1. At pLDDT 90 or above and surrounded by 12 or more Cβ atoms within 10 Å (Cβ to Cβ): does that describe residue 259?
2. Any residue at all in the stretch 113-121 that is part of a helix (DSSP H, G or I), touching a helix residue (DSSP H, G or I) at 6+ places or on another chain (Cβ under 8 Å), at pLDDT 80 or above and buried (at least 19 other Cβ atoms within 10 Å of the Cβ)?
3. Is one or more of the residues making up the stretch 184-196 in a helix (DSSP H, G or I), under 20 Å from residue 260 (Cα atoms) and modelled with pLDDT under 90?
4. Across the stretch 142-157, which residue is modelled with the lowest pLDDT among those that are part of a helix (DSSP H, G or I) and over 13 Å from residue 230 (Cβ atoms)?
5. Would you check if residue 102 is closer than 23 Å to residue 203 by Cβ and either at pLDDT 80 or above or part of a helix (DSSP H, G or I) (or both)?
6. When you go through 209, 169, 173 one by one, which is the residue that is in contact (Cβ under 8 Å) with a residue 60 or more places away in the chain and within 13 Å of the chain's Cα centre (by Cα)?
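The values are calculated or read from the model by the stated rules, or taken from the named source; none is laboratory data. Only a predicted model underlies this, so the values are computations on that prediction, with no experimental measurement involved. Virtual Cβ from ideal backbone geometry, glycine too; neighbours counted across all protein chains shown.
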């Protein structure tokens, strides 16, 4: 767990964010777009980021469960215009009640974990070589994303690779910029939406953080722990968040999208892990050889 000492101000602010997350679910004005739950997750994530893993986890548990409980026992008055959407949202809550709470817990814990890793990563300067590599991975992601095998794209691999090689902050930036550039190069018929930019950014952030939490640092990565890191990252971004955002924004069937995404990731995840380990091993050997030659 994160052993960083927290000030009273940080603890109070984290507590306030937890309360606001519950209120955002309870008083959601537009149930048809599930905006209250999304706002709550963002607030819980920030709560974890400014505190630690334990408090982030607790914030997610209390914030989501309290918000859903308040919504059930103290429902808001809904106009006839939003009644159907409200009932649909209530049905969604009844079906995914525990999953929504689990999502809050994971988001809070993730926020605390990210804060811990970023605290270590922030001392790495954005040097010219680092910026050059970031630009390379952005360009590579955009190019690969335009080449699809059916509906399957492998544009996420360069983003994940950047996170492992350059660190989580750089991976986050590469993912965000790559999504924006990809939209410019290949616009979507649904228009640009920052929610999908967020999932792309998290693609470069989460895997390396999970692998580091498992006790591994570059260049000494093992296949299994990289596989776990990529699995967690892709599960959160591609199998949960992306389908959730599509359901919210475009009223598409959640489980239909999730099933398709899960099938794609069943292929992509082990392939990404294998490719990264293979490339990492080769480059590590080359660098060790060059270092040995320079010393002789």
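1. Spelling it out, it is not the case that residue 259 is at pLDDT 90 or above and surrounded by 12 or more Cβ atoms within 10 Å (Cβ to Cβ).
2. No, every residue in the stretch 113-121 fails to be part of a helix (DSSP H, G or I), touching a helix residue (DSSP H, G or I) at 6+ places or on another chain (Cβ under 8 Å), at pLDDT 80 or above and buried (at least 19 other Cβ atoms within 10 Å of the Cβ).
3. Within the stretch 184-196, one or more residues are in a helix (DSSP H, G or I), under 20 Å from residue 260 (Cα atoms) and modelled with pLDDT under 90.
4. Residues of the stretch 142-157 that are part of a helix (DSSP H, G or I), as a first pass: 142-146, 156-157.
Applying the additional criterion that residues be over 13 Å from residue 230 (Cβ atoms) yields 142-146.
Numbers: 142: 86, 143: 86, 144: 85, 145: 79, 146: 72.
Among those residues, the one meeting the criterion is 146.
5. yes
6. 209
Quick grid of which residues meet (1) within 21 Å of residue 39 (Cβ to Cβ); (2) part of a loop (DSSP other than H, G, I, E, B):
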| site | (1), (2) |
| --- | --- |
| 170 | no, no |
| 180 | no, no |
| 198 | yes, no |
| 218 | no, yes |
| 230 | no, no |
| 248 | yes, no |
